[in-house]
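I have placed the structure first, in the form of structure tokens, so that the comments after it can refer back to it.
The values are calculated or read from the model by the stated rules, or taken from the named source; none is laboratory data. The structure displayed is predicted, hence computed values, not measured ones. Counting neighbours? That spans all protein chains shown, and the Cβs are built from the backbone with ideal geometry, glycine included. The protein model used for the area step is the full one, side chains on, heavy atoms only, and it has no ligands, DNA or RNA in it. Shrake-Rupley method; radii C 1.70, N 1.55, O 1.52, S 1.80 Å.
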Amino acid sequence: MVEAIPGWSPEWIEEKTGMRERRFLWDVDVESGVAVAPPLVEGECRTNTDMCEVALRRALEMAEMDARELDAVLLVTCTPDRLNFSYDAMEVHRRLGCRVDTYALTVDDGCGGTPYIMDMAYRMIRSGAVNNVAVIGSACTSALIDRNVWSGEVSHTPGRKPLNAAFGMYVFGDAAGAVVLRSDPDPGYGIISSISGNDYQELVVRRAGGVHERLYGKSSAAEDAFVIDGQLVARSYRVFMKRCISDVLASHPELTDEVKRYYFHQPNKRLLDHFVADVGLPADRVACNVDRYGNTSAAGMLVLLAEDLGAGVVSLGSGDLVMIAAVGANVHYGAQLVRL
């Protein structure tokens, strides 16, 4: 990685982030520092939409549902295959054969977007407007890797040093996860508490594209990258994640000690570990894979849940109580308390 995008040393990356491996859908040519598309092999993933399709098919199979039973497909990503017109969600909708009146929307959002949109879907279901909603979270940052972009800097806050783009390439990984939310006659199962909220902090800077680029120009090729404000992320993560936990438990404080597993957004392993220790959560109940996969943004919490379900750590129909919580760029945050 550091041969492709010079900046930090491998030892420094691991020391500062606690991350040893990444999962990239695309390869990276070390000499040129540019992403290389996977070979065209039938049944293999090559794009963000491919990963989303696989994730949703697995979720539907687990839910024992047909795609035509879905009333909405909401796909959360900031790395879509095409930027406009909800292409990724529409393509998943087409491939799965959803009904013509099933909503299909791509939501431009990052790490906090999945529980944020899950809260919206939960409220739609409770209102009676829809019955079954698929929420997909994904990230495919590897396809965007380019040394000319990720080796640069972006000026951010007056009086502070410019932000280095390389850090984003070092921490992000690729993944997709999906969950099916459905109306359930048993009020004791499913989402029993859900919250979301907004704030206004530029945790991740990406200025390329849109009218602003035409108005103000581009000061650096790095404005095409996802440039992380590491100091601001470190400060805000603790604040908003504590808010997620306290708010989602506010109506059910008696369930605090019953939570079996926590599925949190994982900016990096060091930051997650510090937060868990700071708030006094049992570390063995907090799922983690960021040290092996990278920060998979909107997909992360759902991938953790899927892995626990696959390994039998938790199981559907068991009554296990779990929590999903995340905060992400600009700022969206959300959390759910879920009885499996």
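Close amide H pairs (under 5 Å, H built 1.01 Å from N) link residue 327 with 265, residues at least 5 positions away or on another chain. The amide H of residue 286, built 1.01 Å from its N in the peptide plane, has 262 as neighbours under 5 Å, considering only residues 5 or more places off or on other chains. With the simple model of a label 7 Å out from the Cα in the direction of the Cβ, residue 309 to residue 58 spans 1.0 nm. Projected onto their three principal axes, the Cα atoms of segment 181-320 cover extents of 55, 34, 30 Å, largest first. Taking amide hydrogens as placed 1.01 Å from N in the peptide plane, the amide H of residue 34 sits under 5 Å from those of 29, 147, each at least 5 positions away in sequence or on another chain. Of the candidates 66, 229, 146, which one comes out as most mobile in a Gaussian network treatment of the chain with C-alpha springs shorter than 10 Å? Result: 66 has the largest fluctuation of those listed. With the simple spin-label model, which puts each label point 7 Å out from Cα in the Cβ direction, the residue 242 to residue 189 separation comes to 3.7 nm. Volume per residue for segment 131-201 equals 145 cubic angstrom (convex hull of Cα atoms).
Taking a ≥ b ≥ c as the square roots of the eigenvalues of the Cα gyration tensor of segment 69-149, is the shape rounded (a/c under 1.5), prolate (a/b larger than b/c) or oblate? It comes out oblate by the Cα gyration axes. With the whole protein complex present, residue 78 retains an accessible surface near 40 Å², based on a 1.4 Å probe. Evaluated over the Cα positions of segment 1-122, the convex hull gives a direction-averaged projected area, one quarter of its surface, of 10.0 nm². With a simple spin-label model that places each label point 7 Å from the Cα along the Cα-to-Cβ direction, the separation between residue 316 and residue 101 comes to 2.6 nm.
Across segment 243-312, Cα-Cα distances exceeding 21 Å account for 26% of all pairs.
Taking a temperature of 25 °C and a viscosity of 0.890 mPa s, what whole-number D in µm²/s does Stokes-Einstein yield for the chain with Rh from Kirkwood over alpha carbon pairs? Could you put the intermediate results ahead of the total?
Working: Rh = 20.4 Å.
My calculation gives 120 µm²/s for D.
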